[in-house]
Amino acid sequence: MRTAESVAIDERRLLRRLDELAQRGALPGGGLYRALYTPSHVAATELVSDWLKEGGLLVRRDAVGNIWGRIEGSRGGRAIVTGSHIDTVRGGGALDGALGVVAAVEAVTSLVSQLGRPNRILEAVAICEEEGSRFATNFWGARAIADRIEPDEASRVRDADGITLADAMRGVGLDPSTIAQAVRRDIDTFVELHIEQGPILEEDGPRLGVVRTIVGTAHLEVVVRGQPDHAGATAMDRRRDALLGAAAMTLAIAEAAREMGPPAVATVGTISVEPAQLNVVPGVARFTVDARHSDNARRVELIAEITKVCKVAGRERELGVEVRTLRDRPSVQLNERATDVARRACVACGVEPREMTSGAGHDAQVLSAAAHVAMIFVPSIGGRSHCPEEATAAEDVILGTRALTAALRELAYS
Ligand code: GLV
Ligand code: MN
Ligand code: MN
């Protein structure tokens, strides 16, 4: 057996595999889209399965389609797990989730090939869905692991074409009646490597971060009801235009977040109108709001303020307004002991990491209900993410993967 310090990752293989994975779901105009249970998603999971098998791990697909590669530990006990999500947003980049998956495969297979059987069970996982990439829900894979799926969810939740999650599961050979079999109660520690998705590490350094807090996120749906009318024959002062109301609300929502101050953020990311006709004043407008704050009480205040400004803007224009909470996930503190391991691993790689709050949501926040969880961040070039330009310097991808490998070595081999 080689000494722990000598564990090396295969840097070229790591970078090559990131490129290979980015071809699954690549869009003709740039960026990618790997939506849950679609052909590109299946192709990505098959690729990861092949890598895990090549690395000598026992590979299985669980009841919701998370891909696990495992090696038993000589002492048994609870498992040490690393990974991230394999789905992407529409028009997303090559690293959000993918880095944590490819680095997990690289770290685990390098450790096993160089140090042999670990003391603890060691697993790499590609989590099937985190982004809300297709269905009107999110964190599907991690919630299945953490036993957070609602009983009727698979048959209730639909994609934009009206296909239920349950039918989409059947389409890729999964049985929705077995979802509960994905639950894991035997994970000790989960470590996730991820790109920062913001500008802090790139602008202020250092090249590695550890996450203390993950932001809380609420998703709201606002329905604005006015009156459809003729676009030519209805004078401007006689209209009850739902879209104009929604536009005023969008500005007021952004202002509410700005007024609360950082780290409050609010985003109107989707909007649709009815009847959606070029020559008809919109009678109904529907839009979504993504509202975030790392302080749970402040997030609740932000939601209340957003609701208030929408109602006020509606009243001023004689429009009906309904605000509905689609989901509201609180902010999460990651585990101190696991984070200390991650910090030591970064230091062993020559970097005292910055302690950070993540403005993005992560599988780690859901899994923290079921395990001790830590996250390592690497810089994002220009702070860009959820866009085709998302990128991280190769040397930072390598550095982050080395830190992940060192953390897993301490957790699984010492
Ligand atoms: C996922 O990336 C999110 O933060 O919404
Ligand atoms: Mn994302
Ligand atoms: Mn992600």
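Shape call for the stretch 47-130 from the C-alpha gyration tensor, a ≥ b ≥ c root eigenvalues: rounded (a/c under 1.5), prolate (a/b greater than b/c) or oblate? The shape class here is prolate. Couplings 3J(HN,Hα) for the stretch 13-27, derived from phi with the Karplus relation 6.51 cos²θ - 1.76 cosθ + 1.60 (θ = phi - 60°), are 5, 4, 5, 5, 5, 4, 5, 4, 5, 5, 7, 7, x, 5, 8 Hz, where x marks Gly and Pro. Ordering 299-312, 85-98 by mean Cβ neighbour count within 10 Å, with the highest value first, yields 85-98, 299-312. Spin-label model, R117/R75: points 7 Å from Cα along the beta carbon direction are separated by 1.5 nm. The H on the amide N of R78, modeled in the peptide plane, is under 5 Å from the matching H of no residue at least 5 residues off or on a different chain. Each residue of the stretch 104-116 is assigned a 3J(HN,Hα), and the resulting list reads 4, 4, 5, 5, 5, 5, 5, 4, 5, 5, 9, 10, x Hz, derived from the Karplus form 6.51 cos²θ - 1.76 cosθ + 1.60 (θ = phi - 60°), x at Gly and Pro.
Given H placed on each backbone N at 1.01 Å, which residues far from A393 in sequence or on other chains put an amide H within less than 5 Å of it? Sorted by chain and number, the residues that satisfy this are I381.
Please give the FRET efficiency for K311 paired with A369, using the beta carbon to beta carbon distance and R0 = 35 Å, rounded to the nearest 0.05. Kindly include the intermediate steps, with their values, before the conclusion.
On the way: r = 34 Å, r/R0 = 0.97.
That gives a FRET efficiency of 0.55.
Starting from a Cα-only point model with no solvent, please compute log10 I(q)/I(0) by Debye for the stretch 275-400 at q = 0.09, 0.10, 0.19, 0.22 1/Å. Values, matching the q order: -0.46, -0.54, -1.17, -1.34. With the Cα gyration tensor of the stretch 142-250 giving a ≥ b ≥ c as the square roots of its eigenvalues, does the rule (a/c under 1.5 for rounded; else a/b larger than b/c for prolate; else oblate) give rounded, prolate or oblate? Because a/c hits 1.5 or more and a/b fails to exceed b/c, the stretch 142-250 counts as oblate. The C-alpha atoms of the chain define a longest principal axis, and helix 394-413 lies at about 60 degrees to it.
Springs between Cα atoms under 10 Å define the GNM used for the chain, and in it the highest mean-square fluctuation of L278, L32, L58 occurs at L278.
From the P(r) of the chain, can you give the percent of Cα pairs sitting at distances over 29 Å? Pairs farther apart than 29 Å: 47 percent. Applied to the stretch 297-314, the Karplus parametrisation 6.51 cos²θ - 1.76 cosθ + 1.60 on θ = phi - 60° returns per-residue 3J(HN,Hα) values of 5, 5, 5, 4, 4, 4, 4, 5, 5, 4, 4, 5, 5, 5, 5, 4, 4, x Hz, with x for Gly and Pro.
In terms of packing, defined here as the mean over residues of other Cβ atoms within 10 angstrom, the peptides 114-125, 342-353, 258-269, 371-382 line up highest first as 371-382, 114-125, 342-353, 258-269.
With both bridge residues required to lie in the chain, what share of the DSSP beta bridges run antiparallel, to the nearest 5%? Please report the intermediate quantities before stating the final value.
Details: 46 of 68 bridges.
Counting DSSP beta bridges with both partners in the chain, the antiparallel share is about 70 percent.
With Cα atoms as the point set, the stretch 84-228 shows a radius of gyration and Dmax of 18.6, 70 Å.
Rule-based calculations on the coordinates, nothing more; no lab input. Owing to the predicted nature of the structure, the values given are computational and were not obtained by experimental measurement. Positions of Cβ are backbone-derived with ideal geometry, glycine not excepted, and every protein chain shown enters the neighbour counts.
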